[in-house]
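Trainee: I am attaching a structure below and will ask some questions about it afterwards.
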Amino acid sequence: MSSFTSFMDAALEEARASGERGETPVGAVIVDPTLGEIVARAGNRPRELNDPTAHAEILAIRDACATRGAERLTGLDLYVTLEPCPMCAGAISAARLRRVYYGAEDPKSGGVEHGPRVFSHPTCHHAPEVYGGIAGEESAQLLRDFFERRR
């Protein structure tokens with residue numbers, strides 16, 4: 001029997017760094033659970049890169065694929081501080097990630113347990129296991145604080 005180790009703290013570090021850069025504070029890490037090691041990490045950068053696809057999940061997937069030299073990340077897990085949007089859920093499915101652990105729910109723009117529920121769609125080729133609410137309150141508070149400062 002193996003024990004569960006959460007890597008959400010590392011994702012939260014990336015989210016905080018994103019917020020400090022003026023980006024929406026979302027962070028993601030991709031983990032090899034057999035080694036217990038982070039393969040890739042990223043925070044949101046759409047404003048900095050002038051790229052609407054530069055979400056934390058997409059950047060982490062790109063980095064992990066480059067590191068692995070493959071377009072599929074079979075057997076790897078994603079930790080992200082906010083429920084993935086539909087675009088990111090599509091990328092997660094295409095990358096064949098094993099599991100997704102996310103922090104805060106996103107009733108407005110989520111694509112996993114809200115909105116289009118991408119992994120439940122009949123045309124979804126791969127649906128990872130999904131676990132929500134991991135450090136959910138801390139993740140949600142980062143977002144609330146960020147947007148409160150902006151108002």
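Trainee: Going by what's in this entry, would VAL118 be described as under 17 Å from ARG41 (Cα atoms) and not polar (S, T, N, Q)?
Mentor: Details: under 17 Å from ARG41 (Cα atoms): no; not polar (S, T, N, Q): yes.
So VAL118 fails the test.
Trainee: Scan the stretch 121-151 for residues that are open to solvent by 90 Å² or more (accessible area, probe 1.4 Å) and in a helix (DSSP H, G or I) and jot them down.
Mentor: Within the stretch 121-151, GLU137, ARG144, GLU148, ARG149, ARG150 meet the criteria.
Trainee: Right, another one. Consider ALA17 against the criteria (1) closer than 26 Å to ALA127 by Cβ; (2) assigned to a helix (DSSP H, G or I); (3) open to solvent by less than 40 Å² (accessible area, probe 1.4 Å): it satisfies all of them except one. Which criterion is unmet?
Mentor: Failed condition: (1).
Trainee: Which residue, of ALA17, ALA60, ALA94, is out of contact with any helix residue (DSSP H, G or I) (no Cβ under 6 Å at 6 or more places or on another chain), among the hydrophobic types (A, V, I, L, M, F, W, C) and under 15 Å from LEU142 (Cβ atoms)? Step through it out loud before you land on a result.
Mentor: Values: ALA60 fails: under 15 Å from LEU142 (Cβ atoms); ALA94 fails: under 15 Å from LEU142 (Cβ atoms).
ALA17 is the lone residue from the list that is out of contact with any helix residue (DSSP H, G or I) (no Cβ under 6 Å at 6 or more places or on another chain), among the hydrophobic types (A, V, I, L, M, F, W, C) and under 15 Å from LEU142 (Cβ atoms).
Trainee: When only residues in the stretch 82-98 that are open to solvent by 10 Å² or more (accessible area, probe 1.4 Å), part of a loop (DSSP other than H, G, I, E, B) and touching a Gly at 6+ places or on another chain (Cβ under 8 Å) count, which is farthest from ILE30 (Cα to Cα)?
Mentor: Here the residue is CYS85.
Trainee: Consider the stretch 32-64. How many of its residues are in contact (Cβ under 8 Å) with a residue 40 or more places away in the chain, open to solvent by less than 40 Å² (accessible area, probe 1.4 Å) and either touching a Gly at 6+ places or on another chain (Cβ under 6 Å) or part of a loop (DSSP other than H, G, I, E, B) (or both)?
Mentor: Keep residues of the stretch 32-64 that are in contact (Cβ under 8 Å) with a residue 40 or more places away in the chain, which gives 32-34, 56.
Then keep just the ones that are open to solvent by less than 40 Å² (accessible area, probe 1.4 Å); that gives 32, 56.
Keeping just the survivors that are either touching a Gly at 6+ places or on another chain (Cβ under 6 Å) or part of a loop (DSSP other than H, G, I, E, B) (or both) gives 56.
Residues meeting the conditions: 1.
Trainee: Which residue out of TYR79, TYR101 is open to solvent by 10 Å² or more (accessible area, probe 1.4 Å), of a type in the set (Ser, Thr, Tyr), on the phi < 0 side of the Ramachandran plot and assigned to a strand (DSSP E or B)?
Mentor: Values: TYR79 fails: open to solvent by 10 Å² or more (accessible area, probe 1.4 Å).
Result of the check over TYR79, TYR101: TYR101.
The values are calculated or read from the model by the stated rules, or taken from the named source; none is laboratory data. Computed from a predicted structure; not experimentally measured. Note that we place each Cβ from the backbone using ideal geometry, even for glycine, and neighbour counts take in every protein chain shown. The protein model used for the area step is the full one, side chains on, heavy atoms only, and it has no ligands, DNA or RNA in it. Shrake-Rupley method; radii C 1.70, N 1.55, O 1.52, S 1.80 Å.
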